[in-house]
1. At 7 Å along Cα-to-Cβ for each site, give me the label-to-label distance between residue 391 and residue 65 in nm.
2. Between residue 306 and residue 15, what length comes free when the chain is fully extended (0.36 nm per residue of separation minus the Cα-Cα distance, one decimal in nm)?
3. Compute the acute angle (0 to 90°) between the alpha-carbon long axis of helix 56-74 and the principal axis of greatest extent of the alpha-carbon atoms of the chain; round to the nearest 10°.
4. For segment 224-257 and segment 1-62, what is the centre-to-centre distance using only Cα atoms, to the nearest Å?
5. Relative to the first principal axis of the alpha-carbon coordinates of the chain, what is the inclination of helix 3-28, with its axis defined by its Cα atoms, in degrees from 0 to 90 and to the nearest 10?
6. Report the Cα centroid-to-centroid distance between segment 71-115 and segment 149-166 in angstrom, as an integer.
7. Please tell me the relative contact order of the chain in percent, rounded to the nearest whole number, where contacts are Cα pairs under 8 Å and at least six residues apart.
8. Please give the contour-minus-distance gain from residue 217 to residue 268: 0.36 nm per residue of separation, less the Cα-Cα distance, rounded to one decimal in nm.
């Protein structure tokens, strides 16, 4: 990355920190010790996760400068702002550094584990130090401040960090990727998140319903969030959680929705909303992690299958599985390239025997019949009347695979084809 791009990236992170911090202060309203919402915690953790360690110092200084600017805009004490900026940013850097000591990745289960670990360390560490300062110097209750501080930071990490971590890995592709149906249904589910959250958390629209019914309806947006995560993956799921969080927090701060109706004071309603959003974020992260793990396994299996196919094609070999009970065969390797026939025309034992040289057919049949009884034979060389108009010498290497009751489950084998093709007068067995 050239210097100009690094400067732009640094300014972008600083702008995001300022915007999320300003929004958090507006949602919290006036507070003395700690607010109930602190979204910049997710920005700092995401920045340290995505940036190399050599750029952490510049990131930390940028966040510190922005936090001081934010404190000045909000009219807060400069010394206190500096102290708690160092607390928040420092613990975020320490948490991510500890996560990098593990097998951390931006995908799959490693990301979920790293995110939870970083969120827990940064939020608990920052909360203990901050609440301890308030308790020692301002006689503010320690545990009440610490639990609100930790909850605000932890939920901020769960909501914001997956958005940046997911979209930082985005690469546009020209073809392939997600199927059109999944994309359309995923976008429809995302619209469902906005629609249902807007209805459920707008108190004026549910004023005629009982509070119990209103609380029950809060599960509907979570259902659509889960659908988005299933169909659109981690990126779509993180966007759904971010949009849901915006609607829930804004409406709850304004005194609308079921959380605000049961709260003793506005701060408590935000605390309940945070618990709800934490559940939504964890649900989405778990679904996207399982989905990513499944996709990675499928990709690995497809890559290995492709490697096997290429190796078999290059060495003029074929591998098969024969079900002795049904006589069905399943092939691995290109029958089209090696023998000039489609796999569908070589799908049964009778179809294969029909293409074996008449002089060798009985011997090949006896071999597979013996193996279907569990007897292991050596190699067998025979002639195959393929490709059309030619004769190919084949060396068959096969043996039975037994079930737990010692019965034959299937016969697995491989064909090694001779490069030279011509007429052979007789089949022969090789020990």
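Values quoted throughout were computed directly from the atomic coordinates according to the rules given, and no laboratory measurement underlies them. Quantities reported herein were computed from a predicted structural model and do not represent experimental measurements. Methodologically, a virtual Cβ is constructed for each residue, glycine included, from the backbone with ideal geometry; neighbour enumeration extends over all protein chains shown.
1. Label at residue 391, label at residue 65, 8.5 nm between them.
2. 100.2 nm
3. Compared with the principal axis, the helix lies near 40 degrees.
4. Using only Cα atoms to place each centre, the spacing works out to 21 Å.
5. Taking the Cα atoms of the chain, the angle to 3-28 is about 60 degrees.
6. 10
7. Here the relative contact order equals 11 percent.
8. Roughly 16.3 nm would be gained on extension.
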